Amino acid sequence: MPSYSQRSRDDRLVVGITGRIGAGKTSAGGYLSSRHGFQYLRYSQVLSEWLAKDSESKARLQDIGWQVMTKGMQPELNRRLIAQIKPDSDVAVDGLRHPLDYESLKNSFPASFRMLFIDSPEEVRWERKKDKTKYSGLRSFKTSDSHPVEQQIEVLRANAALVLQNEGSLQDLYAALDEAVRGFRKAGYA
């Protein structure tokens with residue numbers, strides 16, 4: 001059996017992570033990278049490198065993401081992200097927002113792709129984000145959360161291999177992620 005670092009394209013785990021703003025996607029991706037050795041990629045980083053030239057503004061990235069979605073450039077965004085996936089490692093992809101993101105990863109990694117939907121109530125998500133400088137207040141958070149680019153996320157829930165309810169601590173999220181990885185491997189997904 002090959003080691004995790006010597007896996008074939010179909011003998012590894014590719015986890016797409018989706019959910020609303022503040023649900024815990026970035027925490028999950030970072031944990032999968034640090035604890036389980038996953039390569040960690042973010043759609044927002046690929047978008048920033050491609051079109052936003054390292055924009056740190058969430059609103060600016062959302063506007064650019066919306067342009068990508070509405071002008072038929074989503075396939076190119078997915079192509080650019082998939083091109084960054086290393087051929088011999090497990091991968092966590094943070095920030096799926098469009099059904100085409102799911103389809104692109106599923107078609108590229110049919111035997112090993114699983115999508116993880118992280119769910120969390122709005123109040124909990126706001127508590128996590130309220131001290132961040134990106135949002136001046138609850139109104140700003142709600143405006144960002146209701147941006148058109150965020151509206152396809154709920155559609156992705158139906159395709160999720162697992163929906164994680166993330167209402168507790170980071171340690172609770174990490175334990176759920178450990179269990180998810182074990183479950184995916186045991187089920188023969190990777």
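Any read-out appearing in this document is the output of simple, stated calculations on the displayed coordinates, not a laboratory observation. Predicted model only: the values in this text are computed from it and were never measured. Cβ placement follows ideal geometry from the backbone for every residue including glycine, while neighbour counts extend to all protein chains displayed.
A few comments on the model shown:
- Sequence of Leu116, Leu81 once ranked by neighbouring C-beta atoms within 10 Å, starting from the fewest: Leu81, Leu116
- Amide H contacts for Phe113 (H built 1.01 Å from N in the peptide plane; partners 5 or more residues away or on another chain; cut-off under 5 Å): Val14.
- Highest GNM mean-square fluctuation among Gln84, Gln165, Gln62, for the chain modelled with Cα contacts below 10 Å: Gln84.
- Over segment 81-185, the pair-distance histogram of Cα-Cα distances with 10 Å bins from zero comes to 12, 38, 36, 14, 0 percent, rounded to whole numbers.
- Most mobile of Ser112, Ser169, Ser34 in a GNM of the chain (Cα contacts under 10 Å): Ser169
- Taking 0.36 nm per residue of separation and subtracting the current Cα-Cα distance, fully stretching the chain between Ala158 and Ser89 would add 22.2 nm.
- Packing rank of 147-160, 35-48, where each peptide gets the mean count of other beta carbons within 10 Å, highest leading: 35-48, 147-160
- Shape analysis of the chain based on the Cα gyration tensor places the equivalent ellipsoid semi-axes at 26, 20, 14 Å, largest first.
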